[in-house]
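A quick write-up on the structure given underneath.
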Amino acid sequence: MNDLVDALGLGQPQVSKHLRVLREVGLVRVRDEGRRRLYTLNAERLKAIHDWVKTFEPFWDHQIDRIKDRAERLARERAAEPEGTDKGE
């Protein structure tokens, strides 16, 4: 768990709470090894989540494309403005 605490930047109690919830819903398995508790992902349970999330992929792709197009258009507009011009004036 210490690796997760370090990687996530959360406190040990927070990480423990999240791991407990994940264990209760079957997304992770835990086994005791001496004084340590080792957690592993339950791939079977994650596949169901993956399949559900994947149904939204076309929507996300469309939205990401729109955001990218808008950002590129704004960048072109800003690059075309003469220096020192402020649209807010």
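The numbers here are math on the coordinates, done by the rules we state, and not lab data. Just so it is clear, the model here is predicted, and its values are computed rather than measured. Using ideal geometry, Cβ is built from the backbone for each residue, glycine included, and neighbour counts are taken over all protein chains shown.
What to note about this one:
- The calculated FRET efficiency for the pair V21 and D61, based on their C-beta separation and a Förster distance of 35 Å, comes to about 0.70.
- Most mobile of R78, R36, R20 in a GNM of the chain (Cα contacts under 10 Å): R78
- Stokes-Einstein diffusion for the chain, with the hydrodynamic radius set to the Kirkwood value over Cα pairs and evaluated at 25 °C in a medium of 0.890 mPa s, equals 139 µm²/s.
- Calculated from backbone phi, Karplus (6.51, -1.76, 1.60) coupling profile of segment 56-68 in Hz, x at Gly/Pro: 8, 4, x, 5, 4, 4, 4, 5, 5, 4, 5, 5, 4
- The calculated FRET efficiency for N2 paired with R45, based on their beta-carbon distance and R0 = 25 Å, is about 0.50.
- Springs between Cα atoms under 10 Å define the GNM used for the chain, and in it the highest mean-square fluctuation of L74, L38, L27 occurs at L74.
- Less than 5 angstrom separates the built amide H of N42 from those of V28, R29, all sequence-distant by 5 or more or on a different chain.
- Percent of C-alpha pairs per 5 Å bin in segment 1-44, short distances first: 5, 22, 28, 29, 14, 2.
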